[in-house]
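**Q** Quick one: the structure is below, and I'll ask about it shortly.
Here, each number is a calculation from the coordinates, and none is a lab measurement. It should be emphasised that the depicted structure is a prediction, and the values quoted were computed from it without experimental measurement. Here the Cβ positions follow ideal geometry from the backbone for every residue, glycine too, while neighbour counts run over all protein chains shown.
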Amino acid sequence: MGYITFMHGNVDREPTKEQWERFFEIARESGLFRGGSAMGKRSTVGEKDVPDVTATIGGYMRFDAEGLDELIRLLRQHPTVLCGGTIEICELTKT
C-alpha cells in the first residue's frame, strides 16, 4: 500500500540536523521510503478560496508499506514526532 505523510509544523522544538540525518538513514534502510520534500511556494487554480495548507504543513514524505502498523513503527522515530509534533498519514488508493 502506498502512503503519503504530511509533517505538521506543531513541534515543541525544532528538530536537529542530526535527528534528520539519522531518520533518513533509518528510512532508507527500512526500504519503505520513496521520497518527499519540504513545502515551497503555494499557488492555486480555480475560482474558490481554500485554506492554505502550507500554513500548517511543512513537508511531505511518501512510503510504501505492507500495512499501516509497519509505517507507524518507522514514523515514531521521525524528528517531527520526537520533537512533539504530528505526522498525518493518508493512504494512496489505486483507482
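**Q** Out of everything in segment 38-51 that is aliphatic (A, V, I, L, M) and more than 24 Å from residue 15 (Cα to Cα), what residue ends up being surrounded by the most Cβ atoms within 10 Å (Cβ to Cβ)?
**A** So the residue we want is 50.
**Q** Which members of segment 76-95 meet the condition of being without any contact (Cβ under 8 Å) to a residue 24 or more places away in the chain and either buried (at least 16 other Cβ atoms within 10 Å of the Cβ) or touching a helix residue (DSSP H, G or I) at 6+ places or on another chain (Cβ under 9 Å) (or both)?
**A** Correct list: 76, 81.
**Q** Read through the list (1) without any contact (Cβ under 8 Å) to a residue 24 or more places away in the chain; (2) more than 16 Å from residue 87 (Cα to Cα); (3) in a helix (DSSP H, G or I), then give the number of the only condition that residue 73 fails.
**A** Only one criterion in (1) without any contact (Cβ under 8 Å) to a residue 24 or more places away in the chain; (2) more than 16 Å from residue 87 (Cα to Cα); (3) in a helix (DSSP H, G or I) is unmet by residue 73, namely (2).
**Q** Report every pair of residues separated by at least 6 positions or lying on different chains whose Cβ atoms are under 6 Å apart, first residue within segment 39-56 and assigned to a helix (DSSP H, G or I), second surrounded by fewer than 10 Cβ atoms within 10 Å (Cβ to Cβ) and not hydroxyl-bearing (Ser, Thr, Tyr).
**A** Qualifying pairs under 6 Å: 54/42.
**Q** Okay, moving on. Of everything in segment 10-37, what is surrounded by 10 or more Cβ atoms within 10 Å (Cβ to Cβ) and in a strand (DSSP E or B)? Give them in sequence order.
**A** Within segment 10-37, 33, 34, 36 qualify.
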